[in-house]
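Everything on this sheet refers to the single structure shown next.
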Amino acid sequence: MANSKVAARKESQILRELTLILNREFQNDYLNAVTISEVRLSRDNSIAKVFYSFIPYGESFTPKHVEHALNDAHKTIRMHLASKLKVRSVPDLVFVYDTSLQNANRIEEILKTIS
């Protein structure tokens with residue numbers, strides 16, 4: 001029980017810090033459009049799956065472009081995260097596009113057509 005509370009606290013801290021890092025440390029439109037929705041740590045805290053979504057600001061904002069920008073800035077993001085966290089080792093970040101918003105919108109549209 002205590003381990004799950006500690007893990008949840010670490011995940012919450014990583015989510016908060018990543019959000020601040022992406023909004024304050026980068027002058028990249030793709031990275032500034034990203035919203036971190038969830039962070040899941042592996043059991044040994046070596047890998048953090050970072051689930052993100054984004055608000056497209058035009059035709060060039062596709063999931064592939066945003067994923068490419070995140071992967072290019074991966075090491076810099078991790079370095080900034082290391083300076084903010086008070087842990088022995090910073091987990092490796094794996095960015096995963098979160099499609100839950102799109103799925104919710106699609107379900108909502110289907111429900112509108114039914115009623």
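The values are calculated or read from the model by the stated rules, or taken from the named source; none is laboratory data. These numbers were taken from a predicted model, which means no experiment stands behind them. Positions of Cβ are generated from backbone atoms using ideal geometry, with glycine treated the same way; all protein chains shown enter the neighbour counts.
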Any residue in segment 53-60 that is loosely packed, with under 13 Cβ neighbours inside 10 Å, of a type outside the set (Val, Ile, Thr) and either more than 19 Å from Ala33 (Cβ to Cβ) or modelled with pLDDT of 90 or more (or both)? no
Failed condition for Ser46, given (1) more than 11 Å from the chain's Cα centre (by Cα); (2) small (Gly, Ala, Ser); (3) farther than 18 Å from Ala82 by Cβ, with all others met? (3)
Cβ pairs under 8 Å, 6+ apart, first in segment 92-111 and under 16 Å from Phe51 (Cα atoms), second surrounded by 12 or more Cβ atoms within 10 Å (Cβ to Cβ) and among the acidic types (Asp, Glu): Phe95/Glu67; Tyr97/Glu67; Asp98/Glu38
Return the pair list, or none, for Cβ contacts closer than 7 Å from residues in segment 20-45 that are closer than 16 Å to His74 by Cβ to residues that are among the hydrophobic types (A, V, I, L, M, F, W, C) and in a strand (DSSP E or B), at least 6 apart or on different chains. Leu22/Val34; Val34/Phe54; Ile36/Val50; Val39/Ala48; Val39/Val50
Selection over segment 67-82 where residues are farther than 25 Å from Pro56 by Cβ and free of Cβ contacts under 8 Å to residues at least 40 places away in the same chain yields a count of 4
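So which residues in segment 36-88 are assigned to a helix (DSSP H, G or I) and among the polar types (S, T, N, Q), if there are any at all? Don't jump to the end; show me each part of the working.
Initial filter on segment 36-88 (assigned to a helix (DSSP H, G or I)): 63-72, 74-84.
Hits for segment 36-88 are Asn71, Thr76, Ser83.
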